[in-house]
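The values are calculated or read from the model by the stated rules, or taken from the named source; none is laboratory data. Predicted model only: the values in this text are computed from it and were never measured. In this analysis, Cβ positions are derived from the backbone assuming ideal geometry, glycine residues included, and neighbour counts consider all displayed protein chains. All accessible areas refer to the heavy atoms of the entire protein, side chains included, with ligands and DNA or RNA removed. Shrake-Rupley method; radii C 1.70, N 1.55, O 1.52, S 1.80 Å.
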Amino acid sequence: MGVVAIFSNLCLGFPWLWGIMLGFLVFAATPAVMVPCLLSLQDRGYGKDEGIATLVIAAASIDDVFSISVFKILLGITMNSSASLVADILQGPLEVLVGVIWGIFWGVVATFLPPVPIDGSQPSTFLRLVIIIGGALMAMFGSGVLHVEGSGALAVLVMGFVAGIGWRSQGWKDDNPVTDGLENLWMVFQPLLFGLIGTEIQIDALDAETVGWGLLVIIVGLIMRIAVSYLAVCGGGLDHKERMFVAVAWLPKATVQAAMGSLALDQARKMFKNGGSDPEGPEYIELGMKILCIAVLEILITAPLGSILIMFTGPRLLKKSRQVEEEGKVSQHEYSYHGYERIH
């Protein structure tokens, strides 16, 4: 974040507050790109024993919540200098508190409703899916109504974590009917999600000078992000190759940048009416256009590149699950045995 702020100030002339805001925007990871790639690798057994997919997805979700919260706090301070600074600073912790409380509450609800039948059979998968999805929708839309937008994603993350612990205590494993149902729903909604991202990308917003310097800012920032990510997972029981993969897996950016990239420009236009009588109006609109340009550029570069690198480096850097290897050996042995029988 600091590197992006420094280079955006030197290369693009960003004020420090805008540079820091850009740093939090471009560093936010994208589970929408990571999740299908990581789940594909996990299904094939890569990194399954070490929980690599869970680690990367959970950390990316927390990273998004933190980045979005700080970005909005800085945007509020920038666009409304007359507002209370204390209120803006307290907005972030308030969103975290609301997200954690709602996530714990609804996770407990999803654990005990519907109740486990007395005869020992499995609870209704459909009802558990409805409760989980309903709680997630209430968190995401309710956070906007309550003006604590950053709490929605955190609430969903905490809710899933708490519900997962509760279901395991009831005898369910990580691979259960609810996760299978959510995986099937993801296959339906994933194309819709990226279609919506595509509508946010405006090629005509790209400016030649901003593209050149913006590309430099992005490359330098990504290099530092990979290095810091590698160091962040040191001491976590992962070897060199696994730490390298985790650093690469946090590379792709898309959803947060698509959703937040135009926010500064929209706020500037609404507040200053395309310049209006405020002398800072045109400057803020120009800075908002540059942030949008860099966000679009980062999506176009890192989303496909990150997806390719995850799928390419996964089989080469991650260990294959012992269980998957043993099942593969058994299947190969059975195939060879039946082939031998057919020949003779």
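Sorting GLU286, GLU209, GLU183 by solvent-accessible area of protein heavy atoms yields GLU209, GLU286, GLU183, largest first, with a 1.4 Å probe.
Round to the nearest 0.05 the FRET efficiency obtained for LYS319 and LEU39 when R0 = 22 Å and r is the Cβ-Cβ distance.
It comes to 0.80.
Cross-link check: pairs LYS253/LYS290; LYS72/LYS173; LYS48/LYS72; LYS72/LYS319; LYS72/LYS241; LYS241/LYS290 evaluated at a Cα-Cα cut-off of 28 Å; pairs beyond the cut-off: LYS72/LYS173; LYS48/LYS72; LYS72/LYS319; LYS72/LYS241; LYS241/LYS290. In this view, the solvent-accessible surface of ASP239, computed with a 1.4 Å probe and all protein chains in place, comes to about 50 Å².
Extension gain for LEU185-LYS270 works out to 26.9 nm (0.36 nm per residue, less the C-alpha to C-alpha distance).
Here the mean projected area of the convex hull built on the C-alpha positions of segment 207-255 is 4.1 nm². Ordered from highest to lowest accessible area with the whole protein assembly present and a 1.4 Å probe, THR313, THR54 read as THR54, THR313. Cβ-Cβ distance of ALA259 and ALA227, R₀ of 25 Å, FRET efficiency by 1/(1 + (r/R0)^6): the value works out to about 0.40. Percent of C-alpha pairs per 5 Å bin in segment 94-168, short distances first: 3, 19, 27, 21, 13, 9, 5, 2, 1. Here segment 1-78 is described by how far its Cα atoms reach on the three principal axes: 47, 24, 18 Å, from widest to narrowest. Taking all protein chains together and rolling a 1.4 Å probe, LEU38 ends up with roughly 10 Å² accessible. In the assembled protein chains, SER169 presents an accessible area of approximately 100 Å² (probe radius 1.4 Å).
Each label was represented as a point 7 Å from its Cα along the Cα-to-Cβ direction; for ILE104 and ASP239 these points are 3.9 nm apart.
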